[in-house]
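Trainee: Have a look at this one before I ask anything.
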Amino acid sequence: MSRSVPSSTRGLLSSLTFPVVGLIVGLLILLVCLIFSVSFGAADIPLHQILTAFIQFDGSREHLIIQTIRLPRSLLAILVGAAMSTAGAIMQGVTRNPLADPGILGVNAGAAFAVVISIFLFGTSAPNVYIWFAFIGAGVTIVSVYVFASLGRSGITPLNLTIAGAAISSLLASLTAGILIVSQRTLEEIRFWLAGSLAGIDEGIILQVLPYICIGLILAFG
């Protein structure tokens, strides 16, 4: 004789099933996007060449392009997308504002300003050095936004955080632009970093940034 499942159990199962199904569907979509990203480019490479480039690598031009140029570029794009989406979700949760993001709260401007300062004053050029300056700049900026947002009578509110973040972002963006105007060397060094270009990315760059992204994602979901 079969027993009916309690309504509370059914509700729990349905609440667990939806995120799992969404995760599986999202991963499948990500895999399809990765395949098409590797297949697209200046050189016309058929889709079947992607699989053979890893199973039966023959050193041909197509296989070299897939393994050394397009795959690292696509993998780094996935890592950066995961980091940015996680940062945005955290910002929206902390501020209880669906429009909040690291750009509005000054994190991006603070990181960019610190990296520009590191190049302008110290001549840094390695990505693993950029990262530490970006961390420091982002940290100092978010603390400053929090302090300024708490000065009002109403204290910390999503609106005060947004206003303080926008004001500090504008200030840092202006200072960054001023430095880039007077220093051509800094402009040449930083323009690809600020634009987020994936051109010329290889596995070495991925290995340099992978530990930081993985640690950040673990802390975010921990």
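Trainee: Please tell me the relative contact order of the stretch 26-70 in percent, rounded to the nearest whole number, where contacts are Cα pairs under 8 Å and at least six residues apart. Can you show the working numbers first?
Mentor: Values: 25 pairs, mean separation 15.3, N = 45.
Computed value for the stretch 26-70: 34 percent relative contact order.
Trainee: Using a 1.4 Å probe and counting only protein heavy atoms, arrange Thr68, Thr157 so the residue with the most accessible area comes first.
Mentor: Working: Thr68 70, Thr157 35 Å².
The ordering from most to least exposed comes out as Thr68, Thr157.
Trainee: Here is a follow-up. Residues of the chain: accessible area per residue at 1.4 Å, in Å²? Don't skip to the answer; put the middle values down first.
Mentor: Values: 14060 Å² over 222 residues.
Accessible surface, normalised per residue, equals 63 Å².
Trainee: Continuing with this model, one more query. Please give me the summed charge of the neighbours of Ile45: other residues whose Cβ is under 13 Å from its Cβ, Lys and Arg +1, Asp and Glu -1.
Mentor: 0
Trainee: Please report the spacing between the Cα centers of the stretch 136-214 and the stretch 73-127 in Å, no decimals.
Mentor: 6 Å
Trainee: What Rg and what Dmax come out for the stretch 120-222 when only alpha-carbon atoms are used, in angstroms?
Mentor: 16.8, 51
Trainee: Now a separate question. Carbon and sulfur together cover what percent of the accessible area of the chain at a 1.4 Å probe radius?
Mentor: Values: 10180 of 14060 Å².
For the chain, the apolar C and S fraction of the accessible surface comes to 72 percent.
Trainee: Mind checking the full-extension length gain between Ser150 and Asp58? Use 0.36 nm per residue of separation minus the Cα-Cα distance, one decimal, nm. Kindly include the intermediate steps, with their values, before the conclusion.
Mentor: Working: separation 92, 0.36 × 92 = 33.12 nm, distance 6.19 nm.
Stretched fully, the Ser150-Asp58 segment lengthens by 26.9 nm.
Trainee: Which residues in the stretch 52-71 place their backbone N less than 17 Å from a point set 7 Å from the Cα of Leu207 along the Cα-to-Cβ direction?
Mentor: In the stretch 52-71, the label zone of Leu207 (backbone N under 17 Å from the point 7 Å along Cα→Cβ) covers 67-69, 71.
Trainee: Let me ask something else. Using bins 5 angstrom wide from zero, how does P(r) for the chain break down, in % of all Cα pairs?
Mentor: Histogram of Cα-Cα distances, whole percents per bin: 1, 6, 10, 13, 14, 13, 12, 11, 8, 5, 3, 2, 1, 0, 0, 0, 0.
Trainee: How large is the helix-only mean residue ellipticity at 222 nm for the chain, computed as the sum of -39500 (n - 2.57) over DSSP H runs with n ≥ 4, divided by its residue count, in deg cm²/dmol to the nearest 500?
Mentor: On the way: 9 runs with 166 residues, N = 222.
For the chain, the value works out to -25500 deg cm²/dmol.
Trainee: Hey, another quick one. Compute the relative contact order of the chain as a whole-number percentage, counting only Cα pairs closer than 8 Å that sit 6 or more residues apart in sequence. Present the calculation step by step, with values, prior to reporting the outcome.
Mentor: Working: 187 pairs, mean separation 47.1, N = 222.
Relative contact order here is 21 percent.
Trainee: List the pair-distance distribution P(r) of the stretch 56-119, using every Cα-Cα distance, as the percent of pairs falling in each 5 Å bin from 0 up to the bin containing the longest distance, rounded to whole percents.
Mentor: Going from the shortest bin to the longest, the percentages are 3, 15, 14, 14, 14, 12, 9, 7, 7, 4, 1.
Trainee: Sum up the charges of everything whose Cβ sits under 13 Å from the Cβ of Val115, counting Lys and Arg as +1 and Asp and Glu as -1, but leave Val115 out. Walk me through the numbers on the way to the answer.
Mentor: Working: positive: Arg191; negative: Glu189.
Residues near Val115 contribute 0 overall.
Trainee: Mean Kyte-Doolittle of at least 1.6 and a Cα length of 27 Å or more along the axis: which whole DSSP H helices of the chain meet both?
Mentor: Values: long enough: 7-39 (48 Å, 1.92); 71-95 (36 Å, 1.26); 127-149 (32 Å, 1.63); 158-182 (36 Å, 1.77).
TM-like helix candidates: 7-39, 127-149, 158-182.
Trainee: If I take every Cα pair under 8 Å that is 6 or more residues apart in the stretch 48-156, average their sequence separation and divide by the length, what percent do I get for the relative contact order?
Mentor: On the way: 71 pairs, mean separation 18.9, N = 109.
It rounds to 17 percent for the stretch 48-156.
The values are calculated or read from the model by the stated rules, or taken from the named source; none is laboratory data. None of these values were measured; they are calculated from a predicted model. Cβ: placed from backbone, ideal geometry, glycine included. Neighbour counts: every protein chain shown. Ligands, DNA and RNA are stripped out before the accessible areas are found, and what is left, the full protein with its side chains, is counted by its heavy atoms. Shrake-Rupley method; radii C 1.70, N 1.55, O 1.52, S 1.80 Å.
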